[in-house]
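A short worksheet on the structure shown next.
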Amino acid sequence: MKLKPLQRLQLAFCLLLCLFSSLIFILSCGINYRQELAKEHVRFRQEMPTMDSWINSPFGKLKSYLFNVTNSEAFLNGTDTKLKLDQIGPIVYNIVGYNDILERTEHNVTYRKHRYRRVEFLPEESVSPDILNQTIILPNSILLGSAAKFSHEAPYSAFGFDAVTLGEDVFVTGSIYYFLWEFTRPGLEMMSKFLTLTSNCGLLHNALKEKEEVYTVNIGPESGIENFFRIKSLNNDVILKEQRQRTRGPDGESCPAYVKGALDNSLFPPFVQKDTPLTLVAIESCRTLPLNYKGEEVYQGIDTFRYTLIRPYEEAPKCLQNTYGVKLPRAMFDASKCVINDAPSCFSQPHFYGSDYNWERHFEGLHPNEEEHEGFVLLEPVTGIPITEKYRFQSNIPVPDLRFYSQRLRMFSNMILPAFWYEFEMGELPDLVTRLMWININVVPHLQWSVMTLALLLALWSGLKVVRLFYGNISYRQLYHRICCDQAGGRNNVLLATTFPQDALTQCQNVNVK
């Protein structure tokens, strides 16, 4: 049948639509839309919406807390046997980092992490706008840390130490700004001129000091989606340099210093399962920390996995159980190799939460509880993007038995003195990232079946349209009769299209009337 030009155009269009819809349906049967999106995500291209938030990460708020000693005089004169501590805080700073990409290939990316590119004090979000000028009393951590170190390294130096430090106060009075950013003592300043010592012991001054962090991590589906952003090297090494000397003994393999396969906590692999091993490089404490799955939690309408950083009463690896001869309680670990001047130091959760340290023997005013003091990460498991996190660590000074030192130092024997604690709270993700994540979780799984159904219907409709146009743009009824009533083998299909003579029809009507 000869077709008109418009009908030819319609025929060509419907034929292409039929072929295209059929192709979409066939391809959809063999792929997983969510899996394909994950492959694009792990390729880590510049155009991805998560790239901008990753480049300017970490971002969030750093909240610091100090412990003001309210009975220093009563403790020194022996009236009180416990230190009464009053928590001061939060002292809030806005933190914005930066990841500088140095090299990129299809299989890995190398970047330098600047964790604290911008640090800005937030007076209105702190406990009071002028909190930095508030005067408090703290134990002289420089004096007590030095005594703890000499007690282990030079046990017979007690008399000389007491003579040299006679002019040092056991408790120091100063502003919060002084303790956070400019804390030093005259004796330390003098020694730093002759020895390789850092004179400024400001708590945040040193905690936020930039370290060399050059990561090379896996990207691209060829490396395996489950290996996305797992570390290949840190500073061209697979071992943290601060812990290298601890990996030489027979128990070296148990020391958490190997970074290969760990994560930097900015991005995680997609499709995380409850038993997927996830380990973070905790650069602030110079170790790696395995994340502990705790359960599922809904956060802002998104289903997440909750991970904790330290389990209650968790035993530290053997290489981190002691600090200068002091056996640490459970849920604490040595951090002396990670602080200035290799000072005696250990990390715990705030207020010694989850530890078996009997702090009530030495202190009053601490209130450990899960809600305020447990560190955690909420991870969206499908995309592998952290929704929010609160890193909470407390820096402490483990003091050994100072029985051979002066009475004023002996009073601190066998204490684990809390210096300060901080909480890093991750900022809110950009709206675009959150929306795309929501679509990936809630829409994409249903989208595939919808697209397949629509493609199948379009293929059938356009295929029938091609046939109708071929026969002169006939109706569906006419097409049905043409297909079913055409002669088959030279004989009429009387079962489907039966005709009766007019006389027979009239006779039947007369019989019915009668």
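The table below lists the values:
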| quantity | calculated |
| --- | --- |
| For Ile88, solvent-accessible area (1.4 Å; no DNA, RNA or ligand), Å² | 20 Å² |
| Nonlocal amide H pairs with Gly375, under 5 Å, H built at 1.01 Å | Leu309, Ile310, Arg392 |
| 5 angstrom amide H check on Ile385, placed H, neighbours 5+ away | Glu380 |
| Phi-based couplings in Hz for the range 393-399 (Karplus 6.51, -1.76, 1.60; Gly and Pro marked x) | 9, 10, 8, 10, 10, x, 9 |
| From the C-alpha gyration tensor of the range 227-302, square roots of 5λ in Å | 27, 13, 11 |
| Chain lengthening between Arg361 and Glu315 when straightened (0.36 nm per residue, less Cα-Cα) | 14.4 nm |
| Expected 222 nm ellipticity per residue - DSSP helices of 4 or more, -39500 (n - 2.57), all of the chain, to 500 | -9000 deg cm²/dmol |
| Tensor-based shape of the range 142-243 (alpha-carbon gyration tensor, a/c under 1.5 rounded, otherwise prolate or oblate) | prolate |
| Area projected by the alpha carbon convex hull of the range 21-128, averaged over all directions, nm² | 13.7 nm² |
| Ranked by how many other beta carbons lie within 10 Å on average, peptides 416-429, 43-56 from highest | 416-429, 43-56 |
| Probe 1.4 Å - accessible area at Asp100, Å² to nearest ten | 50 Å² |
| Shape call, the range 320-380: gyration tensor on alpha carbons, a/c limit 1.5 | oblate |
| Å² of accessible area per residue within the range 320-477, as computed with a 1.4 Å probe and no ligands counted | 42 Å² |
| Scaled radius of gyration (Cα, divided by 2.2 N^0.38 Å) that the range 307-435 gives | 1.25 |
| Highest to lowest packing among 232-240, 340-348, scored as the average C-beta count within 10 Å | 340-348, 232-240 |
| Phi to ³J(HN,Hα) by Karplus 6.51 cos²θ - 1.76 cosθ + 1.60 over the range 409-422, Hz, x for Gly, Pro | 8, 4, 5, 9, 4, 6, 8, 10, 7, x, 7, 6, 9, 9 |
| Longest to shortest principal axis, alpha-carbon extents of the range 212-361, angstrom | 50, 39, 27 |
| Whole-number D in µm²/s for the chain (Stokes-Einstein; Kirkwood sum over Cα pairs; 4 °C, 1.567 mPa s) | 46 µm²/s |
| Counting DSSP beta bridges with both ends in the chain, the antiparallel % (nearest 5) | 95 percent |
| Carbon/sulfur fraction of accessible area - the chain, other protein chains in place, 1.4 Å, % | 56 percent |
| Mean-position separation - Cα centroids, the range 323-366 and the range 59-135, in angstrom | 18 Å |
| Protection proxy ranking of 61-72, 155-166 - average other beta-carbon atoms within 10 Å, highest first | 61-72, 155-166 |
| Karplus-derived 3J(HN,Hα), 6.51/-1.76/1.60, for each residue of the range 219-227, Hz, glycine and proline x | 9, x, x, 5, 7, x, 4, 5, 9 |
| Nearby lysines by direct alpha-carbon distance to Lys63 (threshold 20 angstrom, same-chain neighbours under 8 apart not counted) | Lys209, Lys390 |
| Other-chain or far-sequence residues with amide H under 5 Å of Phe59's (modelled H) | Gly97, Gly427 |
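The values are calculated or read from the model by the stated rules, or taken from the named source; none is laboratory data. Worth saying up front: this structure is predicted, and the values here are computed from it rather than measured. All Cβ positions, glycine included, derive from the backbone under ideal geometry; neighbour counts span all protein chains shown. The area values use the complete protein model at the heavy-atom level, side chains included, leaving out ligands, DNA and RNA. Shrake-Rupley method; radii C 1.70, N 1.55, O 1.52, S 1.80 Å.
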